[in-house]
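Peer 1: Handing you a structure now.
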Amino acid sequence: MEGIDNIIEKKKLNFKNIKMIRNGGYHNLLLFNENGNDKLFGFGSNEQEQLGFNGKSTSELFGLNFFENKKISDIKCGNNHNLVLISLIYLFF
């Protein structure tokens, strides 16, 4: 598994570029579109690693870089999991 430094990156974002917001049991995902590129970010509980990295829960917004350079069509959050639909071809969960 990749280390946390390879997966997350702290960003300052323009909230005018929010494309989608989804809420899980105790975590959240935000999808931004910056200059035509989709960027997925998360925050909240990470007890079941639902934010996609091995670490503690966070109130800070972190970039989930394993979806970088992918066109994200939809995101869904459950209590302890997420679904990310990429280019209507692949479903990651």
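Peer 1: Among the listed residues K39, K16, which satisfies the condition of being farther than 17 Å from N79 by Cα, modelled with pLDDT of 75 or more and not in a strand (DSSP E or B)? Please lay out each step first, then the result.
Peer 2: Details: K39 fails: not in a strand (DSSP E or B).
Testing whether each residue is farther than 17 Å from N79 by Cα, modelled with pLDDT of 75 or more and not in a strand (DSSP E or B) leaves just K16.
Peer 1: Another question, then. From the residues in region 77-93 that are exposed (fewer than 15 other Cβ atoms within 10 Å of the Cβ) and part of a strand (DSSP E or B), which one is modelled with the lowest pLDDT?
Peer 2: Only one residue fits best here, namely Y90.
Peer 1: Within region 54-67, count every residue that is farther than 12 Å from V84 by Cα and under 10 Å from the mean Cα position of the chain (by Cα). Spell out the reasoning first.
Peer 2: In the first step, residues of region 54-67 are kept if they are farther than 12 Å from V84 by Cα; the result is 54-63, 65.
The next check asks that each one be under 10 Å from the mean Cα position of the chain (by Cα); those that pass are 61-63, 65.
So the count comes out to 4.
Peer 1: Just a yes or no: is a residue in region 42-53 farther than 14 Å from N80 by Cα and touching a residue at least 24 places away in the same chain (Cβ under 8 Å)? So that I can check it myself, show each step before the final result.
Peer 2: Let us first name the residues in region 42-53 that are farther than 14 Å from N80 by Cα, namely none.
No; the residues of region 42-53 include none that is farther than 14 Å from N80 by Cα and touching a residue at least 24 places away in the same chain (Cβ under 8 Å).
The values are calculated or read from the model by the stated rules, or taken from the named source; none is laboratory data. A quick note: this is a predicted structure, and the numbers were derived from the prediction, not measured. All Cβ positions, glycine included, derive from the backbone under ideal geometry; neighbour counts span all protein chains shown.
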